[in-house]
Each structure stands twice: as C-alpha cells, then as structure tokens.
C-alpha cells in the first residue's frame, strides 16, 4: 500500500514562545506528507487533519463537514494576530524550494 494518506500534526501552536519555528518544519515536505499546526487546548485547526484525510480517502476534494462537533470549551483563547502570522508563515513556506542534500 504505497498510497496511504498520512497527515503530520504539530501541537501546541498556541504557545507564544514557540521553540520550533515554521521555517524549521520541513520533514513533511521532504516526505511528501500533509502538515497542520494545531492546538488541542484552543481547538485551533483541530478539524483540518481529519477533513484532509477524509477528502483523500473518498477522493472528494470539495467535501466539507456540515457541522462542528460538540467540543469541550477551549482551555485558552488563541491570539488571532498570532494565528494569522502562523498561517501566513505556513503558506509562504509551502512555496519555498527545499535545499537538496
């Protein structure tokens, strides 16, 4: 089975003094894996890996979840400015050419 969809998640994206910066996260690109920054505490992007996997499994790129599941309220609230910065960094890095080793 060489076409098993795999998604890699980086948790704790809500931490302001993040140790692993977006530019350092390249493993998934080298291995051709989908990657999402998530936060279990704030529920940030928690659904994205699941939606991506389902879309791949049923070959339905336009599939959308019809409703959000009932979640335990977030333990923390993410700073929307930081969330936008992480999203912009991820988008920019997705288009960056990796150095050959």
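Return yes when residue 67 is out of contact with any helix residue (DSSP H, G or I) (no Cβ under 9 Å at 6 or more places or on another chain), modelled with pLDDT of 80 or more and over 16 Å from residue 18 (Cβ atoms) and no when it is not. Spelling it out, residue 67 is indeed out of contact with any helix residue (DSSP H, G or I) (no Cβ under 9 Å at 6 or more places or on another chain), modelled with pLDDT of 80 or more and over 16 Å from residue 18 (Cβ atoms). State which residue is modelled with the highest pLDDT when the search covers only the range 22-36 and only residues that are surrounded by 10 or more Cβ atoms within 10 Å (Cβ to Cβ) and in a loop (DSSP other than H, G, I, E, B). Restricting to residues being surrounded by 10 or more Cβ atoms within 10 Å (Cβ to Cβ) and in a loop (DSSP other than H, G, I, E, B), the top hit is 33.
Taking the criterion of being more than 21 Å from residue 28 (Cα to Cα) and either touching a helix residue (DSSP H, G or I) at 6+ places or on another chain (Cβ under 6 Å) or surrounded by 10 or more Cβ atoms within 10 Å (Cβ to Cβ) (or both), the residues of the range 49-64 that qualify are 60, 63. Checking each residue in the range 1-21 for being part of a loop (DSSP other than H, G, I, E, B), modelled with pLDDT of 85 or more and either under 17 Å from residue 92 (Cβ atoms) or under 14 Å from the mean Cα position of the chain (by Cα) (or both) picks out 6, 11, 12.
The set of residues from the range 54-77 being under 18 Å from the mean Cα position of the chain (by Cα), in a loop (DSSP other than H, G, I, E, B) and either closer than 19 Å to residue 38 by Cα or in contact (Cβ under 8 Å) with a residue 40 or more places away in the chain (or both) comprises 64, 65, 68, 74, 77.
The values are calculated or read from the model by the stated rules, or taken from the named source; none is laboratory data. This is a predicted model, so every value here is computed, not measured. Here the Cβ is made from the backbone with ideal geometry for all residues, glycine too, and neighbour counts use every protein chain on show.
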